[in-house]
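Asks: Once you've had a glance at the structure underneath, I'll fire off some questions.
The values are calculated or read from the model by the stated rules, or taken from the named source; none is laboratory data. Fair warning: this is a prediction, and the values are worked out from it, not measured in the lab. Virtual Cβ from ideal backbone geometry, glycine too; neighbours counted across all protein chains shown. Each accessible area value is taken on the protein alone, full model and side chains, heavy atoms only, with ligands, DNA and RNA left out. Shrake-Rupley method; radii C 1.70, N 1.55, O 1.52, S 1.80 Å.
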Amino acid sequence: VSYLQTLECMFSGCSNAEKIDLSGVSGMKNAPAITNMFYNCKKVKEIIFPQNEILFGNVKSFSQLFYGDESLTSLDLSMFNTEQTTYTGSMFSGNKKLEYVNFTNWNLKSLKWADSMFNGCESLTSVVLDNFGGTSLYTFDNLFKNCISLEYISMKNFQVDPTYSSFYNSEIFY
């Protein structure tokens, strides 16, 4: 495949798959929509993305991308191009067994909404999002809600818009 128009809900609700291997798939570089792509894939333990190309350069929303993937333990998302991303709401919500995500190379300077991004990631021990949020970030409520194993967070270069930010009234961890 040379170009995929949309990947929205592509594997949504897959009930029996334990592994999704996309390493041989090309054409995801410019896919404009991937919302809910792996939504509620409760048994999936592993998702493998291509490592030979930058992925998702036109995607603005990663909303609920891995929502409810209860068995997923780790993800390598280092090949994701996030420069245009504005929304990551509930991206990993309900990923109870998720321990690690590789965010190397992520640039979330255009991010505006990150509410509940890691909500319910009970096994997550550390998060490194060193380019998280630009001057337009104004909501990240419940960002780490119910992350009961979280011990380390690195958010170097963290920025919010103080005019619109919910930071001062936010329940980031509760």
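Asks: Out of everything in the range 19-58 that is of a type in the set (Val, Ile, Thr) and modelled with pLDDT under 90, what residue ends up being least open to solvent (accessible area, probe 1.4 Å)?
Replies: Val25
Asks: So, in the range 134-159, of the ones that are modelled with pLDDT of 80 or more and of a type in the set (A, V, I, L, M), which residue ends up surrounded by the fewest Cβ atoms within 10 Å (Cβ to Cβ)?
Replies: Ranking the candidates gives Ile148 first.
Asks: Looking at Trp113, is it hydrophobic (A, V, I, L, M, F, W, C) and open to solvent by 60 Å² or more (accessible area, probe 1.4 Å)?
Replies: Spelling it out, Trp113 is indeed hydrophobic (A, V, I, L, M, F, W, C) and open to solvent by 60 Å² or more (accessible area, probe 1.4 Å).
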